[in-house]
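The values are calculated or read from the model by the stated rules, or taken from the named source; none is laboratory data. Worth saying up front: this structure is predicted, and the values here are computed from it rather than measured. Methodologically, a virtual Cβ is constructed for each residue, glycine included, from the backbone with ideal geometry; neighbour enumeration extends over all protein chains shown. Areas reflect the complete protein model, heavy atoms only, side chains present, ligands, DNA and RNA absent. Shrake-Rupley method; radii C 1.70, N 1.55, O 1.52, S 1.80 Å.
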Amino acid sequence: MIETADAEPEYDDSAIRFLEALWGEGYLSPGGPDEVDRVVEGVSLKGKTILDIGCGAGGITLHLVATHGAARATGFDLERPVIGTARRGAIRQGLEDRVSFVQAPPGPLPFTDASFDVVFSKDALLHVPDKNALFAEIFRVLKPGGVFAASNWMIGHDGEPSPEMKAYVAAEELSFTMASPARYAEAMRRAGFTDITVRDRNPWYREVAREELSRLKGPLYAQAAAAVGAAYVDKNIRTWEAMQKVLDSGEHRPTHLRGWKPVG
Ligand SMILES: C[S@@+](CC[C@H](N)C(=O)[O-])C[C@H]1O[C@@H](n2cnc3c(N)ncnc32)[C@H](O)[C@@H]1O
């Protein structure tokens, strides 16, 4: 296990409690297990070893083992609070023998070459500034014949973000370094991935986000405010309102990515 001194976490205990109230225990991104299942649709995980990059509170890493029959999964994240939550979840679900959670600073992935059959990630890669270095690392830790399958929040173009997009990213107060689907696909190609596919999830998430906002303003408000305080919920309602504009314009582009590491 690797432990390091950390900077102030972006996903602190309040963020974890708030996002879990909205998206479910162990989930810091939208869609729950159904959306995870769509990311890995058609890929058999049975008996495979999986790396989950940016695993957050660990709900997805646990789901990949408990429901998809992976032999072993390793969740990797930079931040201590999410890794602590994830480890507690593994114990609660009795999965500690098949799932481990690793915390390490940004930079090269702390895993040896060709150590995973599958690299998975959900809505975390937008935090990594150097996309070429990221995919070189993902390619390195995958076994030949292995697959990368991810969901990620992207921007629809590589030009200057619109004022609405800048306002949304500022409202998040998170280290987003968004890039376009074309930019991600290019970084994957450069790393050596083949059979790259890109699937636009904006039409799905823009409707889901609308429901999230109305739940936050309505039936979920009291529960979320009890968990993190009304001011925190009010701030997030403003963030969701800013996000809805760029989802509706199509500039905010949640996207699925997939690619293979050639066998030879
Ligand atoms: C929106 S959360 C998603 C967490 C989880 N994948 C999920 O869907 O519930 C983004 C996660 O990415 C992590 N993260 C940020 N930068 C990272 C990096 N360079 N490498 C790995 N994880 C990172 C954050 O700490 C956070 O836990």
Give the residues of segment 64-109 that are under 20 Å from Leu142 (Cβ atoms), near the ligand (Cβ under 9 Å from one of its atoms) and open to solvent by 30 Å² or more (accessible area, probe 1.4 Å), sorted by residue number. Pro106, Gly107
Mind checking which residues of segment 110-144 are within 11 Å of the ligand (Cβ to nearest atom) and assigned to a loop (DSSP other than H, G, I, E, B)? Pro110, Asp123, Ala124, Val128, Pro129, Asp130
Qualifying position, being more than 19 Å from Leu19 (Cβ to Cβ) and charged (D, E, K, R), among Asp113, Asp77: Asp113
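Just checking, does segment 244-260 include any residue being aliphatic (A, V, I, L, M) and free of Cβ contacts under 8 Å to residues at least 24 places away in the same chain?
If we filter segment 244-260 for residues that are aliphatic (A, V, I, L, M), which is where we start, we get 246-247, 257.
After this cut, where a residue has to be free of Cβ contacts under 8 Å to residues at least 24 places away in the same chain as well, the list is none.
No: zero hits.
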Return yes when Arg199 is touching a residue at least 40 places away in the same chain (Cβ under 8 Å), under 21 Å from the mean Cα position of the chain (by Cα) and over 30 Å from Asp13 (Cα atoms) and no when it is not. yes
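Please find, among Ala57, Ala149, the residue that is within 8 Å of the ligand (Cβ to nearest atom) and in contact with a helix residue (DSSP H, G or I) (Cβ under 6 Å, 6 or more places away or on another chain).
Working: Ala149 fails: within 8 Å of the ligand (Cβ to nearest atom).
The conditions single out Ala57.
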Residue selected from segment 110-148 under the condition open to solvent by 10 Å² or more (accessible area, probe 1.4 Å), within 13 Å of the chain's Cα centre (by Cα) and not aliphatic (A, V, I, L, M), by the criterion farthest from Leu45 (Cα to Cα): His127
Pair list, Cβ under 7 Å, 6 or more apart: segment 42-55 residue among the hydrophobic types (A, V, I, L, M, F, W, C), other residue at pLDDT below 95: Leu45/Gly69
Going through segment 171-182 one residue at a time, which ones are within 14 Å of the ligand (Cβ to nearest atom) and not in a loop (DSSP other than H, G, I, E, B)? Glu172
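Condition first: in a loop (DSSP other than H, G, I, E, B) and modelled with pLDDT of 95 or more. Now tell me which residues in segment 230-264 satisfy that.
Listed by number, the residues that qualify are Ser249, Gly250, Glu251, Lys261, Pro262, Val263.
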Quick check on segment 105-121. Is at least one of its residues touching a Ser or Thr at 6+ places or on another chain (Cβ under 7 Å), under 15 Å from Ala149 (Cβ atoms) and touching a residue at least 40 places away in the same chain (Cβ under 8 Å)? yes
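Grab the helices (runs of 4 or more DSSP H) fully contained in segment 3-101, keeping just those with 1 or more residues being among the acidic types (Asp, Glu) and at pLDDT 95 or above.
Numbers: elements: 13-23, 32-39, 59-66, 80-92.
Correct list: 13-23, 32-39.
Hey, among Ala227, Ala185, which residue is modelled with pLDDT under 95 and not in a loop (DSSP other than H, G, I, E, B)? Walk me through how you get there before you give the answer.
Details: Ala185 fails: modelled with pLDDT under 95.
Of Ala227, Ala185, the one residue that is modelled with pLDDT under 95 and not in a loop (DSSP other than H, G, I, E, B) is Ala227.
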Within segment 155-170, how many residues turn out to be part of a helix (DSSP H, G or I) and open to solvent by less than 30 Å² (accessible area, probe 1.4 Å)? 2
